[in-house]
Amino acid sequence: MTNLQKRILTSLFILPLSFFFIIKGGYLLMSFLFLIFFLTNYELFSVFNKKSTILFLDLLLISSLFSIFYLAEKNDITFLILLWVLILCICSDIGGYIFGKIFKWKKLTKISPKKTFSGVFGSFIFSIFSIFIILNLPIKDSININFLEVKFFFLAIIFSLIAQIGDLIISYLKRLEKVKDAGNFLPGHGGILDRVDGLMFVVILTTIFYNLNIIP
């Protein structure tokens with residue numbers, strides 16, 4: 001089985017499971033987030049040796065998990081925004097992967113050799129698709145968010161950019177430890193940290209934007 005096939009099969013299992021717990025919310029979601037916290041901490045202490053790196057990543061992880069729970073439980077609007085952001089990060093990752101494989105453009109940085117400028121472009125394009133995906137989900141009509149506003153297209157690009165920067169930051173920290181993946185919990189993806197690296201930064205920024213009334 002190729003790495004791409006493993007990646008697809010793992011995603012088909014993990015994504016519906018994650019959305020299930022987010023939709024259920026409450027104690028089920030809290031339990032799921034605690035599981036992610038403990039598994040990711042196992043990866044952190046197994047891979048990273050610098051205490052400052054572990055502390056930084058742990059604070060980032062805790063802040064992101066808190067942000068996910070906050071957005072999921074606050075109200076219907078933040079719940080919908082969270083779903084959009086999750087879909088956006090998935091789309092951004094897929095776009096970067098597909099465009100990076102198809103279009104062999106210049107390498108982006110030595111930090112992550114597989115990152116290319118074509119991948120960045122693909123991430124931006126696919127992140128915009130997330131707007132049309134969220135619009136077609138069976139969601140309550142009472143949740144009044146107009147995702148077709150211009151600001152959401154700008155936000156899609158910003159969030160995609162932040163996800164990619166977050167990915168590079170974690171890649172740089174792993175590179176300092178001379179490791180490729182943080183773990184092997186998720187076949188085709190590596191560890192949990194490898195899967196949520198960009199998302200952690202995005203959900204924290206989303207929570208900040210919501211409390212500053214930038215979104216919705």
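Values quoted throughout were computed directly from the atomic coordinates according to the rules given, and no laboratory measurement underlies them. These numbers come from a predicted model, not from an experiment. In this analysis, Cβ positions are derived from the backbone assuming ideal geometry, glycine residues included, and neighbour counts consider all displayed protein chains.
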> Taking 0.36 nm per intervening residue step and subtracting the Cα-Cα distance, what contour gain separates residue 58 from residue 175 on full extension?
Replying inline: 40.3 nm
> Out of residues 5 or more away from residue 116 or on other chains, whose amide H comes under 5 Å of its own, with H placed 1.01 Å from N in the peptide plane?
Replying inline: 108
> Taking 0.36 nm per residue of separation and subtracting the Cα-Cα distance, what length does fully extending residue 139 through residue 28 add?
Replying inline: 37.9 nm
> Quick one: if the Förster radius is 30 Å, what FRET efficiency do residue 101 and residue 129 give, using the C-beta to C-beta distance and rounding to 0.05?
Replying inline: 0.95
> Under 5 Å between amide H atoms, partner at least 5 residues away or on a different chain: which partners does residue 143 have, H built in plane at 1.01 Å?
Replying inline: none
